[in-house]
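For reference, the structure is listed below as structure tokens.
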Amino acid sequence: MDRTQRNSRRKIVIIGTGVAGLVSAIRLATHGFTVLLLEQHAQVGGKMRTTDSLIGPVDAGPTVLTLRQIFDEVFLSAGRKLDDYVTLISQKIIARHWWPDGATLDLYSDREQSAAAIQSFSGDRSAAEFRAYCERCEQLFHGFEELLLRNPNPRITSLTWRVLRQPQLIRHMNIGQNLAGRLKRDFSDPRLAQLFGRYATYVGGSPVHTPAILGLIWHAEASGVWTVKGGMHQLALGLSQLAVDLGASVQRQCKVERIEIQNGRVTGVALADGRRISADTVVFNGDPRALSVGALGANSRRAATRVLRYDRSYSARVYSFAAEISGCELVHHNVFFADDLISEFNDLQTGRIPKNPSLYLCAEDRGQNHPTSGLERFEIIANAPANQQAHQDDDLDQWHQNIFRRLSNFGVTFHPVPTLQNLTTPRDFHHLFPESLGALYGQSPHGMLAALKRPRAKTRLVGLYLAGGGTHPGAGVPMAALSGMHAAEAIVKDQTLA
């Protein structure tokens, strides 16, 4: 019996169909395993979710794809092409930025075009500073892509040894310095420091508290941004279809009550409807905190005990809706900055809802290469602390009015104005993604060693593996995909050694 035949007799259950769970399923099905995906919701995709509107599904999670080469790898590893399952649309403009004083700045996928825009916006010195910043971020990204992101089990000792052999990385890392401090040195124009500091929110953190090394996030976006025809949820559907084409099965609205473990080894899962599914391998694609607090059975607590030691990432209040719009000219990605970025993060760090947050507005239909008129789909994201407590929503009416008053001051008016029915709060996210406390990115990225403190794919319980934005290498669509790869590779390795 060859390896593929042996693998086909091994049933793997994947709990959750986020990007990581779907990528794990694809990789495992490619190796010949029998794979069953269980999803508690009606939609696949996890945080790549949608809400309903008069003109169809509105994305209410991630809005663009970066590092598309990771997804090209996923499909090519299965003998398929990404373009056969989804249509990606390259975005010339990465984002349009707006300040209260009326200043605007577009950043482009072409570095020199961005530099020219910055030169017009802020002068020759700022353009030179931007070019230098891009070079530093690029070297950081390429230096740590293999050392950390694609390494399934990075250790501080081996990481330190390898970094010491690359002096240029040490120089760019600015060990001990936070991102905000580094940006203050990098840019003489405080507006540019404010702009690039917002990338800390991509992993649920503050530029004041995240390490300077997270400047590498900018390079991931500067390397190319794509929208997905029909919306980002189409990527989840494409991944799901590929998994099914490879022989995996998907069951929706199927809640797992308990991971069954005997003598430290997985034996299957028990479902809320009373069924039991036997399996010697389970991949949990959810927030690891759910395991730590016993939400999937007391015996699974040992899988990720360290999670409870660390703070949670930030969350968000997210509007998703359809409306007509009038006023300023939007692109797909738009950022409306507050006067004082630091006060927003001071509020977040102390658990308060910022009164005047910077606002991210995605005009979803503006990235689809076709003209827009009438009703369009929109998503608005405002940072919020991760807290599912009901009292955190006591301010909603006043906060809601303030948000749309501020957008009106920028020249953005919606018809009709969205209501609180269009809003998802951290408390809602806690219910959608159990035991997450509403945190959208798992553990907090704050602290120099935060990247090394996330749970890894392989747990101390035999047959139980983790995948998702709450595990290594962290949050974001491409990182979740890498997490799914790590989980699949760990399973294949362990089965080979068995």
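Can you tell me how much longer the chain between Gln168 and Asp273 gets when fully stretched, taken as 0.36 nm per residue apart minus their C-alpha distance, in nm with one decimal? Walk me through the intermediate numbers first.
On the way: separation 105, 0.36 × 105 = 37.80 nm, distance 5.64 nm.
Full extension of this stretch gives 32.2 nm more.
Let me confirm the definition first: pairs of Lys residues in the chain, 8 or more apart or on different chains, C-alpha distance under 22 Å. How many are there? Could you put the intermediate results ahead of the total?
On the way: Lys11/Lys255; Lys11/Lys458; Lys11/Lys493; Lys47/Lys229; Lys47/Lys255; Lys81/Lys229; Lys92/Lys229; Lys458/Lys493.
Taking the chain as the scope, the lysine pair count is 8.
Run the helix sum for the chain: -39,500 (n - 2.57) per DSSP H stretch of 4+ residues, divided by residue count, reported at 222 nm to the nearest 500 deg cm²/dmol.
Values: 16 runs with 169 residues, N = 498.
Result for the chain: -10000 deg cm²/dmol, rounded to the nearest 500.
Go through the stretch 256-286 and name the trypsin sites (Lys or Arg not before Pro) that are in a DSSP coil and have 13 or fewer other Cβ atoms within 10 Å of their Cβ. It would help to have the intermediate numbers written out before the result.
On the way: sites: Arg258, Arg265, Arg275, Arg276; in loops: Arg275.
Within the stretch 256-286, the qualifying trypsin sites (Lys or Arg not before Pro) (loop, at most 13 other Cβ atoms within 10 Å) are Arg275.
Hey, if you put +1 on the Cβ of every Lys and Arg and -1 on every Asp and Glu Cβ in the stretch 161-207, which of His172, Phe187, Gly205 ends up farthest toward the positive end of that dipole?
The residue sitting farthest along the positive end of the dipole is His172.
May I ask you to derive the FRET efficiency for Asp245 and Ser326 from their Cβ-Cβ distance with R0 = 41 Å, giving the value to the nearest 0.05? Could you put the intermediate results ahead of the total?
Values: r = 44 Å, r/R0 = 1.08.
So the FRET efficiency works out to roughly 0.40.
For Glu112, what accessible surface area do you get with a 1.4 Å probe? Give it in Å², rounded to 10.
100
Summing Lys, Arg as +1 and Asp, Glu as -1, what charge do residues with Cβ under 11 Å from the Cβ of Asn387 carry, Asn387 excluded?
Numbers: positive: Arg312, Arg352, Arg427; negative: Asp393.
Residues near Asn387 contribute +2 overall.
Calculate the spin-label point distance for His41 paired with Lys184, positioning each point 7 Å from the Cα along the beta-carbon direction, and give it in nanometres.
For Lys184 paired with His41, the spin-label model returns 3.9 nm.
Per-residue accessible area for Met48 at 1.4 Å probe radius, Å² rounded to 10?
Probe radius 1.4 Å; accessible area of Met48 about 10 Å².
Looking only at the stretch 312-354, which residues have a backbone nitrogen under 16 Å from a spot 7 Å from the Cα of Asp428 in the C-beta direction?
Under 16 Å, as judged by backbone N against the label point of Asp428, lie 315-323 of the stretch 312-354.
What does the highest-first list of 180-193, 422-435 look like by mean Cβ count within 10 Å?
Values: 180-193: 18.1, 422-435: 19.6.
In descending order of packing, they fall as 422-435, 180-193.
Any idea how far apart Lys229 and Lys493 come out in nm if each label point goes 7 Å out from Cα toward Cβ?
According to this spin-label approximation, the distance is 3.9 nm.
How much net charge surrounds Phe404 when only the other residues with a Cβ under 13 Å from the Cβ of Phe404 are counted, with Lys and Arg +1 and Asp and Glu -1?
+2
At 0.36 nm per residue, and after removing the present C-alpha to C-alpha distance, how many nm does the segment from Ser408 to Gln262 gain when stretched out fully? Walk me through the numbers before you get to the answer.
Details: separation 146, 0.36 × 146 = 52.56 nm, distance 5.89 nm.
Gain on extension, Ser408 to Gln262, equals 46.7 nm.
Accessible area, 1.4 Å probe, largest first: how do Thr305, Thr157 sort?
Of Thr305, Thr157, the descending order of accessible area is Thr157, Thr305.
Hey, if we sort Val293, Val412 by accessible area with the 1.4 Å probe, largest down, what's the order?
Working: Val293 45, Val412 5 Å².
Heavy-atom accessible area, descending, gives Val293, Val412.
Only one of the listed values, (1) 0.95; (2) 1.00; (3) 1.15, was derived from the coordinates as Cα Rg over 2.2 N^0.38 Å; which label is it?
This structure yields the entry labelled (1).
Taking amide H positions as placed in the peptide plane 1.01 Å from N, state which residues far from Tyr108 in sequence (5 or more) or on other chains have amide H under 5 Å from it.
It is Ile94, Ser114, by chain and number.
Need one number: % antiparallel among DSSP beta bridges in the chain, to the nearest 5.
Values: 47 of 66 bridges.
In the chain, approximately 70 percent of DSSP beta bridges are antiparallel ones.
Report the charge-dipole magnitude of the stretch 391-457 in Debye, nearest 20, computed about the Cα centre from +1 at each Lys and Arg Cβ and -1 at each Asp and Glu Cβ. Before the final figure, lay out the partial values.
On the way: 6 positive and 6 negative charges, 90 e Å.
With Lys and Arg at +1 and Asp and Glu at -1, about 440 debye.
Take Lys92 and Val462, extend 7 Å from each Cα along the Cα→Cβ direction, and tell me the distance between the two endpoints in nm.
Here the modelled spin labels are 6.0 nm apart.
The values are calculated or read from the model by the stated rules, or taken from the named source; none is laboratory data. Just so it is clear, the model here is predicted, and its values are computed rather than measured. For neighbour counting, all protein chains shown are included, and Cβ atoms are generated from backbone atoms with ideal geometry for every residue, glycine included. Ligands, DNA and RNA are stripped out before the accessible areas are found, and what is left, the full protein with its side chains, is counted by its heavy atoms. Shrake-Rupley method; radii C 1.70, N 1.55, O 1.52, S 1.80 Å.
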